[in-house]
Every structure is written in C-alpha cells, then in structure tokens.
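Coordinate-derived values only; no laboratory data. Note that this is a predicted model, so its numbers are computed, not measured. Cβ: placed from backbone, ideal geometry, glycine included. Neighbour counts: every protein chain shown.
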Amino acid sequence: MTKKDIQLELYGDTSEVAVIRLTRPKKRNAINDGLILAIRDLFEKLPKSVRAAVIDGEGEHFCAGLDLSELQERDAAQGVFHSRMWHAALEHVQYGPVPVVAALHGAVVGGGLELASACHIRVADETTFYALPEGSRGIFVGGGGAVRIPRLIGTARMTDMMLTGRVYNAQDGERIGLAQYLVPTGTAFDKALELALRIASNAPMTNYALTHVLPRIADQPADQGFMTEAMMAAIAQSAPEAKDRVRAFLEGRAAKVQKA
Ligand code: 1HE
C-alpha cells in the first residue's frame, strides 16, 4: 500500500459526506495488508463533521478482492490472523460511526464483494459483476463473507457461486439482493453520493439505530428482538431532534411522503 492507494474527500455544505476511494486501478483495487489497514484507520478516524460515507473504486473495477500476490507467504496461523484483520477492518465499516454506501461498477469479486457486503447500501451500475473466485483458487472467503453474504442472498446462492464459479451480472445481482439500486453505466458514484447526502440529513440517532441496532435485532430470537426494538424506539423518540422533526410535520413544515 502506498499513500496513493486510498483517498478521502469530503462533500456537502458542512463536509457531512466522506468519500473513500480505492485508488489502485492498475491492480484493479486489489486489497493488500496495507490497504485493509488503511480502510480500518480511515473509518476509525472519520472527521467529526461526517454523517455518511461512500466507498468507491477508481478505474474500471470496484475491487478485485484480496491481493493474491501476498497469499503465498502465509502459514496457517498467519492465515487466521490475516482473516481476523479483515474482520476487524470491515467491522469498522459495518459498525462504524456512519452509514456507508458502496458505489459499485465492474468487478466486485472475492474480498471486493466482502467489502461491499459490509456496507449498508450498495448501488451498482450496469457494468457490475459479482463473483467469489475463492472456490476456484482453492481458498475460502476470509473477510466476513461467510457471515454477511448469506444474509444478503441466502446460503444456497453463495454456495453455488463458490462451488461453480457462477458470476452474477448487474441485473441479476440486483434481483437477488446483492445491490439495492441498479443505475445506468457510469452513474453509481453520483447516485451513491445523492443517497449519502440524504442519509446525512437524518437524525443521527435514527441512523445509529439502523446501522448498529437493526442488524442485531435481525439476529435475535423474535421475543428478544421485539424488546430491543421497543427500547430503541423509546430512545430514538425521546431525542429532542425527533420531537422537533415530528412537530415540523404536524405544523406542515416538513415534506410529505411522495407517491413513488
Ligand atoms: C491482481 C488482482 C488480485 C488483478 N490480486 N493482483 N480475486 C480474484 O481472484 C480476482 C482476480 N482478478 C481478475 O479476475 C481480473 O483481474 C479482473 C476481472 C478483476 C479484472 O480483469 P482485467 O482484465 O481488467 O485486469 P487484469 O489484466 O486481470 O489485471 C490487471 C493487473 O491487476 C494484473 O497485474 P499486472 O502486473 O499483470 O498488470 C493482475 O495481476 C492484477 N490483479 N486482480 C493481485 N486480486 C479476505 S479473503 C478474500 C479472498 C479473495 O478475495 S480471493 C479472490 C481474489
């Protein structure tokens, strides 16, 4: 990793959106140890103004996954630590301070799909394709994909992708749940930024509830989930900002929900 391999830029009137861009296009944004640690560090130390983030990849591909040139040199114990390093980094993405939108295009493969899966929203353009070539490389996912990807598309589909090398194109990827948005070629970043600016205008406690509490509720047995929901609802609605926002609607000062 060199300093040139990742970039942070701030967008919005109050620098409320962080854009984190993988800038290693010559290697298709393949992630080596330095780069995964840099992702962790950036999410750990986001500027205080930031309320939402976008992850993007420079060049024709979002991310080609693990930098395979580093793979040969690891023994079993080092392999465990390496995987745990990815887990720690992507934990900072999923359970960091702000919601994260991935802007996908071209290859979203292997560790690239694991990175995208740690984000809260995925926007894909028409050039996007998804694969888990680990199966054919004689290895296994190691960046949290075994946990996160089945939650998006189901265990059966992930098993198929790894056993058969199946590649999903952009349309099918959106259909099965790998991305929530499918947009024309070249517009994924613009759409992701638009969504991030919108997300940044939400009450921070609502965003926190959605990124930190909702996934945990989803993993709880229903009885416990209902109780966690009730507690989160009470905390969110008691925040002064929530009261202001509800009053604004009742007084006709806030936007109505528009028909889609
Ligand atoms: C790489 C990597 C990489 C490209 N590690 N160097 N991921 C994979 O198995 C995917 C491997 N990559 C590909 O299948 C293709 O490169 C792409 C479909 C992503 C792009 O194809 P293309 O034709 O645009 O590029 P290219 O000519 O294949 O690659 C350009 C350069 O990037 C070339 O190096 P060069 O020195 O010859 O120019 C490639 O070697 C290099 N490159 N991808 C290292 N991945 C936490 S565990 C996660 C486990 C995994 O992620 S395994 C899956 C790894």
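In this label model, THR14 and THR155 are separated by 4.5 nm, measuring between points 7 Å along each Cα→Cβ vector. I need the shape label for the range 142-217. Rule: rounded when a/c is under 1.5, else prolate if a/b > b/c, else oblate, with a, b, c from the alpha carbon gyration tensor. Judged from the Cα gyration tensor, the range 142-217 comes out oblate (a/c at least 1.5, b/c at or above a/b).
Ranked for footprinting exposure by Cβ neighbours inside 10 Å, fewest first, CYS119, CYS63 give CYS119, CYS63.
The helix-based estimate of mean residue ellipticity at 222 nm for the chain, built from -39,500 (n - 2.57) per DSSP H run of four or more residues and divided by its residue count, is -13500 deg cm²/dmol to the nearest 500. Shown here for the range 121-206: trypsin sites (Lys or Arg not before Pro) in loop regions (DSSP other than H, G, I, E, B) with at most 16 other Cβ atoms within 10 Å, namely ARG166. Candidates SER83, VAL98, GLN72 compared by Cα position along the dipole of the chain: farthest toward the positive end lies VAL98, with charges placed on Cβ. Net charge of the neighbourhood of THR14, taken over other residues with C-beta under 13 Å away and scored Lys/Arg +1, Asp/Glu -1, is 0. Note on the chain: Lys pairs 8 or more places apart or on different chains, Cα atoms under 21 Å apart, count 8. Could you work out how far helix 222-238 tilts from the main Cα principal axis of the chain, as a 0 to 90 degree angle to the nearest 10? Taking Cα atoms only, the helix is inclined about 50 degrees.
Using Cα atoms only, what is the angle between the long axis of helix 155-164 and the major principal axis of the chain, expressed in degrees (0 to 90) to the nearest 10? That helix lies at roughly 30 degrees to the long axis. Distance between the 7 Å Cα→Cβ label points at SER69 and ARG84: 2.8 nm. Give the residue from PRO221, CYS63, ALA248 lying farthest towards the positive end of the charge dipole for the chain; charges sit on Cβ (+1 for Lys and Arg, -1 for Asp and Glu) and the dipole is referred to the Cα centre. With unit charges placed on the Cβ atoms, the residue in question is ALA248.
Charges were assigned to the Cβ only: +1 to each Lys and Arg, -1 to each Asp and Glu. The resulting dipole of the chain about its Cα centre is roughly 380 debye.
Sorting ILE55, ILE235 from the fewest to the most surrounding beta carbons within 10 angstrom yields ILE235, ILE55.
Summary of the geometry: the range 23-44 and the range 151-222, compared by the centres of their Cα atoms, lie 21 Å apart.
Taking amide H atoms as placed 1.01 Å from N in the peptide plane, the amide H of GLY57 lies under 5 Å from those of LEU22, each 5 or more residues away in sequence or on another chain. Taking every DSSP bridge with both residues inside the range 1-149, close to 25 percent are antiparallel. For the range 41-105, the set of trypsin sites (Lys or Arg not before Pro) satisfying both a DSSP loop assignment and a count of at most 15 other C-beta atoms within 10 Å is given as LYS45, LYS48, ARG74. Among SER117, SER238, SER49, SER83, the order by Cβ neighbours within 10 angstrom, fewest to most, reads SER238, SER49, SER83, SER117.
Looking at GLY154, SER49, GLN258, which one has the Cα that reaches farthest to the positive end of the dipole of the chain (charges on Cβ: Lys, Arg +1; Asp, Glu -1)? Checked the options; the winner is GLN258. Of all segments of the chain bounded by GluC sites (Glu not before Pro) found in a DSSP loop with no more than 14 other C-beta atoms within 10 Å, the longest spans 61-250.
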